[in-house]
Amino acid sequence: MDLATKLNPRRLGFSPKMAAIVGAIIEHDYGARDGKGGQLGPLSITSDGFVIAQSSAHETGAFIGEASDLERNLQALLSTANLTEDEAAEWNRLYRKNVTDWRA
């Protein structure tokens, strides 16, 4: 099973919004879209702890929510997915590439 299949939020019981977020992080299209019909791209965590993402539907991006909620949900997803060491390393690489954290 490849990383995208193992991390598929819908397969693991998570929401379509989580599928859009995880897809943006691992550069995989799960078919989930934001509220305006766009596919999410790289995410940014703002200095005050909120998450925004690029969106193919609008240039201003999409508001995702609080970073603490995202981090909690990603931790739950990752623990449910039971990644191997190599898969976890690939997740970490893609997370660092596609999530910019502006908190101090």
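Just name the residue that is nearest to PHE63 (Cα to Cα) out of those in the range 1-40 that are in contact with a Leu (Cβ under 9 Å, 6 or more places away or on another chain) and basic (Lys, Arg).
In this case the residue turns out to be ARG33.
Which ranges mark the strands (runs of 3 or more DSSP E) fully within the chain that have 3 or more residues being touching a strand residue (DSSP E or B) at 6+ places or on another chain (Cβ under 9 Å) and crowded, with 17+ Cβ neighbours inside 10 Å? Quick ask: steps written out before the conclusion?
On the way: elements: 40-45, 50-55, 62-66, 99-101.
In the chain, 40-45, 50-55 are the strands (runs of 3 or more DSSP E) which contain 3 or more residues that are touching a strand residue (DSSP E or B) at 6+ places or on another chain (Cβ under 9 Å) and crowded, with 17+ Cβ neighbours inside 10 Å.
No value in this document is a laboratory result; all are computed from the given coordinates. Treat the numbers as computed from the prediction; the structure is a model and nothing was measured. Cβ: placed from backbone, ideal geometry, glycine included. Neighbour counts: every protein chain shown.
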